[in-house]
Amino acid sequence: MKTLTQRNKKMVLLCAISFLNLSIFALAGEMKEADTTGNQQNRIEIKDFAFNPQTLTVKSGEKITWINRDEEPHTVVSVGKKFKKSTALDTDQEFTITAGAPGTYTYFCSVHPKMTGTIVVEK
Ligand SMILES: [Cu+2]
């Protein structure tokens, strides 16, 4: 009888350990997922003569990629030439820069100057 109780205790302990292990696995999985998202590129879609999202917040050193989803050519030009300008982007063509010093950067499309967007670079 005594041995049975001890065995039961052992089983309970084993169950607890495997449950803990599972929780740790779940936690590690979540952390990995969050990490992957953080490493993803920051994308701005150009569609229907607008930059989407209109304002994008990134961290210094991260890449920012614009992609033109319109049938019209568009450009990305920094107000005050704070970063390199793109060529005229054809449909599905991309343009990438690396975010520099923290600050707020506005840009526009030189073909359609009413198209504007903002990039906020954080430390
Ligand atoms: Cu345009």
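At a glance:
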item: Cβ-Cβ under 6 Å pairs, at least 6 apart or on other chains, region 43-62 side free of Cβ contacts under 8 Å to residues at least 60 places away in the same chain and surrounded by fewer than 16 Cβ atoms within 10 Å (Cβ to Cβ), far side assigned to a strand (DSSP E or B) and acidic (Asp, Glu); result: Asn52/Glu45
item: Given (1) modelled with pLDDT of 95 or more; (2) open to solvent by less than 40 Å² (accessible area, probe 1.4 Å), index of the condition Gly29 fails; result: (1)
item: Output for region 67-82, where each listed residue is surrounded by 12 or more Cβ atoms within 10 Å (Cβ to Cβ), within 15 Å of Val120 (Cα to Cα) and in contact (Cβ under 8 Å) with a residue 24 or more places away in the chain; result: Ser78
item: Subset of region 97-123 that is without any contact (Cβ under 8 Å) to a residue 60 or more places away in the chain and surrounded by 15 or more Cβ atoms within 10 Å (Cβ to Cβ) - its residue that is farthest from the ligand (Cβ to nearest atom); result: Ala99
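For every residue, the table says whether it meets (1) part of a loop (DSSP other than H, G, I, E, B); (2) under 16 Å from Leu56 (Cα atoms); (3) modelled with pLDDT of 95 or more; (4) under 20 Å from the mean Cα position of the chain (by Cα).
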residue	(1), (2), (3), (4)
Asp70	yes, no, yes, no
Thr87	yes, no, yes, no
Gly100	yes, yes, yes, yes
Thr106	no, yes, yes, yes
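The values are calculated or read from the model by the stated rules, or taken from the named source; none is laboratory data. Only a predicted model underlies this, so the values are computations on that prediction, with no experimental measurement involved. Here the Cβ is made from the backbone with ideal geometry for all residues, glycine too, and neighbour counts use every protein chain on show. Ligands, DNA and RNA are stripped out before the accessible areas are found, and what is left, the full protein with its side chains, is counted by its heavy atoms. Shrake-Rupley method; radii C 1.70, N 1.55, O 1.52, S 1.80 Å.
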